[in-house]
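The values are calculated or read from the model by the stated rules, or taken from the named source; none is laboratory data. Please read all numbers here as calculations on a predicted model, not as lab measurements. Backbone-built Cβ (ideal geometry, glycine too); neighbour counts: all protein chains shown.
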Amino acid sequence: MKKILLLTCLIILIPFLVVNIFIKDEEIKFIYTNNMKVRVKQEDKIVNVPFEDYIVGVLAGEMPISFELEALKAQAVAARSYVLKKMEYNLEKEYDVVDTVMNQVYLSDDYLKEAWQENYTNNINKIKQAVLETSGEYLVYDDEVIDAMFFSTSVGFTENSEEVFTSKLPYLRSVSSTWDSISPVYEVNYEFSLDEFYQKLDLKYQDNIEIIKVKTTSTGRIKEIKINGVLFQGSEVVDALKLKSNHFTIKQAGNDVYITTKGYGHGVGMSQYGAQAMALKGYNYQDILKYYYQGVELKKI
């Protein structure tokens, strides 16, 4: 009951947006009728950002501006759901979210003006259009806001939540996402010298690499692996070798080591390149969201 009351309070406080009438080449402006804000931690400070402006900054930080509008709209709803859940969790803490990949990447308006320069108005209006066309929309499962996880590129399938994290969530189920092959990082090749490979993993030199995959997810991501008898978490290998994904193969050819990865990110929830591929095929943002988040409903504040 306490959770429901808390969520109700959050929803009531979400700002109602009024949009100014604008002409071509002028920036869309959001005007708020109350002051609901997201507390965003940026390094050594906490800033209070109007709610939907925060969603704009997340879209700019999390998804390429070149993506289709329907993919951006799907990301807007996912980002809005994600931060609502975090605000619920962190109500009694100093801040709701951090501005990095630890939560959602958020880029400030000042940063975007500097980064985009003469393209700023066109780019920001495209993102604001995605936010406005989904204004107030978020995702629920059994009337609870979902933990709307997302990532860049799948390995051909998304992951079951419990195989990557701890909780088994009914809406975060593995689904086929073979269209992720449009991603530039769907498959990435790396090359190391044998010496470099051992140094990065802090292993003693041996002429031959011995690999045993101890534990994998149902899609083939490596959770645990033995390299020359030493047990590693898949994430440890990824961090040490700076790989895109823990779905990898290691092959030795003399004094060279070749590694191929598939996918980018943790693999749970909505694939961003999958969303783009679906949008290119004519699916709308609701189709995309209901595909990657199983059994959910869209609600509007």
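Listed residues Leu139, Leu107; which is closer than 16 Å to Met87 by Cα and either of a type outside the set (Val, Ile, Thr) or not in a loop (DSSP other than H, G, I, E, B) (or both)?
Selected residue: Leu139, the only one of Leu139, Leu107 that is closer than 16 Å to Met87 by Cα and either of a type outside the set (Val, Ile, Thr) or not in a loop (DSSP other than H, G, I, E, B) (or both).
Looking only at the range 167-176, decide whether some residue is closer than 16 Å to Ser154 by Cα and without any contact (Cβ under 8 Å) to a residue 40 or more places away in the chain.
Yes, the range 167-176 has at least one match.
Would you check if there is a residue in the range 231-249 being in a helix (DSSP H, G or I), surrounded by 15 or more Cβ atoms within 10 Å (Cβ to Cβ) and assigned by TED's automatic domain parsing to the domain that holds Glu159?
No.
Could you list all residues from the range 166-186 that are over 16 Å from Gln294 (Cβ atoms) and either in a loop (DSSP other than H, G, I, E, B) or touching a Cys at 6+ places or on another chain (Cβ under 6 Å) (or both)?
Thr166, Ser183, Pro184, Val185, Tyr186 - these are the residues of the range 166-186 that are over 16 Å from Gln294 (Cβ atoms) and either in a loop (DSSP other than H, G, I, E, B) or touching a Cys at 6+ places or on another chain (Cβ under 6 Å) (or both).
Based on what the data block shows, is Leu59 modelled with pLDDT under 95, surrounded by 21 or more Cβ atoms within 10 Å (Cβ to Cβ) and of a type in the set (A, V, I, L, M)?
Taking the combined requirement at face value, the residue does not satisfy it.
Counting just the residues of the range 255-271 that are assigned to a loop (DSSP other than H, G, I, E, B) and in contact with a helix residue (DSSP H, G or I) (Cβ under 8 Å, 6 or more places away or on another chain), which one comes out farthest from Tyr186 (Cα to Cα)?
The qualifying residue farthest from Tyr186 (Cα to Cα) is Asn255.
Looking for whichever is in the same structural domain as Thr121 (by TED's automatic domain parsing), at pLDDT below 90, of a type outside the set (D, E, K, R) and not in a strand (DSSP E or B) here; the options are Leu91, Leu72, Leu84. Which one fits? Give the derivation first.
Numbers: Leu72 fails: at pLDDT below 90; Leu84 fails: at pLDDT below 90.
The unique qualifying residue is Leu91.
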